[in-house]
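What follows is one structure encoded as structure tokens, with my remarks underneath.
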Amino acid sequence: MPSVFIKTFGCQANKSDSERILGDYSSRGYTETEIWREADEIVLNTCSVRQSAEDRVRGFILNLNKYLQETGKNKPKVILTGCMLHFNEKEIHELLPEVDEILPIAEVGFNQKSIRKDKDSAWVPISTGCNSFCTYCIVPFSRGRERSRPIDDIVKEVESLALDGYKNINLLGQNVNSFGLEKSGINLRKLYMDKDNFSAGTIPSNESQYTKPTTKPPFVLLLQTISKIPGIEKITFFTSNPWDFWNELIDEIAINPKIDRFIHLPVQSGSNHILKLMNRGYTRESYLSLVKRIKEKVPDAVFGTDIIVGFPGETDDDFLDTLDLVKKVGFKVAFVARYSPRPGTASFKLYPDDITAKVKKERWEILDKITNKDNLSNRPLIP
Ligand code: SAH
Ligand code: SF4
Ligand code: F3S
């Protein structure tokens, strides 16, 4: 039987995709190997969120080349999938000539049966892609526009997981709150490529990319439906964004004991000036008031977050605002990243990467020190 080695870079979304890629390989008669040197095929499931993530993919290939040269072995087939598909095929072949085939994740699909290693807790995708316009972020380019999975398909998968003995379900999407509400979406590349007319003012607001629910938000309906499935004891979701954390969602968490009290709510910055440049669509005040509203209704709620330090133009005062917000909320876990300009994104085009590596590092260290290190496993959407 031919063998496959799957190397997963990046966040939980990729790890979940790899479970379905393995399911697909297995249905075609492949066995999985944990040793890349022995594999007939190597799948690289890549991440692009920061330059360092892409560099790791190159590093893997360099290692492979070195090994092949030393041993004289035949080159395994190399398949590239995941978020580096923001590059087109020609660019990928120039960058990584060793790649034999490109696999868009949409070809694997949501409903491909997964092979899961974790037998207690299951990751279930509810959407892919992203319709938001955070200026620094490559994800909408690499995963495309947001697409929600039909609710019946999700429910069927969770029912079958429950029958298999799974008690914990982690629902996965770049913005779970907007599940079922995405508009068909603006063509990102077209919008961003029009350099002459491109300015910060042409970037749509994140909120405008979704239909405002007039009745119960579909995500709340999904939570209610899944929590009634016999055997399911705990439901967690990643990630929620502050601009559409519905009151109905807060009410549901408050009355539904099966929903995890850990809420991951990326803030990215505590400075209004930087939040505006990031196009996040909320202010530090509205973020803090959301946290307060959640705590009022869900007194045992605990929060996690993501923060970017060294975004273009971030002054010491901006950073102090972030520190202040972090202390006010008292995050249980905060994932801090140093800004990495991603070619193609709005911030790359609009703002020079003007914070030195030294200052980024200093700010990163300060924030990293005051965040809890015991809970790293709580944060899945960060590579
Ligand atoms: N949709 C999710 C996460 C996507 S990426 C969300 O909105 O939370 C995960 C994290 O990577 C982001 O929250 C952000 O903190 C970080 N990130 C994204 N782009 C980045 C960049 N260009 N430089 C540094 N960190 C980045
Ligand atoms: Fe989407 Fe999250 Fe990236 Fe914003 S940070 S564009 S919400 S994936
Ligand atoms: Fe993609 Fe996740 Fe990285 S969505 S860019 S693998 S952080």
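Note on region 295-317: among residues that are surrounded by 21 or more Cβ atoms within 10 Å (Cβ to Cβ) and either assigned to a helix (DSSP H, G or I) or not β-branched (Val, Ile, Thr) (or both), the one that is nearest to the chain's Cα centre (by Cα) is Gly304. Considering the conditions (1) in the same structural domain as Thr225 (by TED's automatic domain parsing); (2) within 14 Å of ligand 1 (Cβ to nearest atom), Pro266 is excluded by exactly one of them, (1). Just one of the numbered conditions (1) crowded, with 17+ Cβ neighbours inside 10 Å; (2) more than 16 Å from ligand 3 (Cβ to nearest atom); (3) farther than 21 Å from Pro312 by Cβ is not true of Leu163: (1). Would you say Ile92 is in the same structural domain as Glu54 (by TED's automatic domain parsing), within 16 Å of ligand 3 (Cβ to nearest atom) and assigned to a strand (DSSP E or B)? It is false that Ile92 is in the same structural domain as Glu54 (by TED's automatic domain parsing), within 16 Å of ligand 3 (Cβ to nearest atom) and assigned to a strand (DSSP E or B). When you scan region 279-289, how many residues do you find that are over 17 Å from Lys327 (Cβ atoms) and either of a type in the set (Ser, Thr, Tyr) or over 17 Å from the mean Cα position of the chain (by Cα) (or both)? Qualifying residue count for the region: 5. Residues that are farther than 24 Å from Ala254 by Cβ and surrounded by fewer than 19 Cβ atoms within 10 Å (Cβ to Cβ) within region 208-241 comprise Ser208, Thr211, listed in sequence order.
Residues in region 126-160 that are within 14 Å of ligand 3 (Cβ to nearest atom) and either over 19 Å from Cys11 (Cα atoms) or in a helix (DSSP H, G or I) (or both): Val139, Pro140, Phe141, Ser142. Checking region 344-366 against the condition returns a match, with at least one residue being modelled with pLDDT under 95, within 16 Å of ligand 3 (Cβ to nearest atom), assigned to a loop (DSSP other than H, G, I, E, B) and under 22 Å from Ala53 (Cβ atoms). Within region 75-87, can one find any residue that is over 26 Å from Glu157 (Cβ atoms) and without any contact (Cβ under 8 Å) to a residue 24 or more places away in the chain? The answer is yes; a qualifying residue exists. From the list Gly82, Gly59, the lone residue that is within 20 Å of Ser340 (Cα to Cα), surrounded by 13 or more Cβ atoms within 10 Å (Cβ to Cβ) and of a type in the set (Gly, Ala, Ser) is Gly82. If you check Leu288, Leu277, Leu323 for being out of contact with any strand residue (DSSP E or B) (no Cβ under 9 Å at 6 or more places or on another chain), touching a residue at least 60 places away in the same chain (Cβ under 8 Å) and of a type outside the set (Val, Ile, Thr), only one passes: Leu277.
Going residue by residue through region 263-272, is there one that turns out to be of a type in the set (S, T, N, Q), surrounded by 13 or more Cβ atoms within 10 Å (Cβ to Cβ) and within 16 Å of ligand 3 (Cβ to nearest atom)? Checked region 263-272: at least one residue is of a type in the set (S, T, N, Q), surrounded by 13 or more Cβ atoms within 10 Å (Cβ to Cβ) and within 16 Å of ligand 3 (Cβ to nearest atom).
If you check Glu98, Glu107, Glu70, Glu91 for being away from ligand 2 (no atom under 16 Å from the Cβ) and modelled with pLDDT under 95, only one passes: Glu107. Beta carbons closer than 9 Å, at least 6 apart along the sequence or on distinct chains, pair a first residue in region 296-311 that is without any contact (Cβ under 8 Å) to a residue 24 or more places away in the chain and more than 24 Å from Leu367 (Cα to Cα) with a second that is more than 15 Å from ligand 2 (Cβ to nearest atom) and of a type in the set (Val, Ile, Thr) for Glu296/Ile250.
Per-residue answers, yes or no, for (1) more than 20 Å from Phe331 (Cβ to Cβ); (2) in the same structural domain as Ser132 (by TED's automatic domain parsing):
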position: Ser205; (1), (2): yes, yes
position: Gln209; (1), (2): yes, yes
position: Lys216; (1), (2): yes, yes
position: Val220; (1), (2): yes, yes
position: Gly231; (1), (2): yes, yes
position: Phe238; (1), (2): no, yes
position: Met278; (1), (2): no, no
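The set of residues in region 282-311 being closer than 14 Å to Trp243 by Cα and in contact with a Ser or Thr (Cβ under 8 Å, 6 or more places away or on another chain) consists of Arg284 alone. Yes or no: region 109-125 includes at least one residue that is part of a strand (DSSP E or B) and β-branched (Val, Ile, Thr). Yes; the residues of region 109-125 include at least one that is part of a strand (DSSP E or B) and β-branched (Val, Ile, Thr).
Total residues in region 34-57 satisfying the condition of being over 14 Å from Gly10 (Cα atoms) and part of a helix (DSSP H, G or I): the figure is 3. Among the residues making up region 180-207, those that are in a helix (DSSP H, G or I) and either loosely packed, with under 14 Cβ neighbours inside 10 Å or touching a strand residue (DSSP E or B) at 6+ places or on another chain (Cβ under 6 Å) (or both) are Arg189, Lys190, Met193, Gly201, Thr202.
The values are calculated or read from the model by the stated rules, or taken from the named source; none is laboratory data. This structure is a prediction, so every number in the text was calculated from the model and none was measured. Here Cβ is always computed from backbone atoms with ideal geometry, including for glycine, and neighbour counts include all displayed protein chains.
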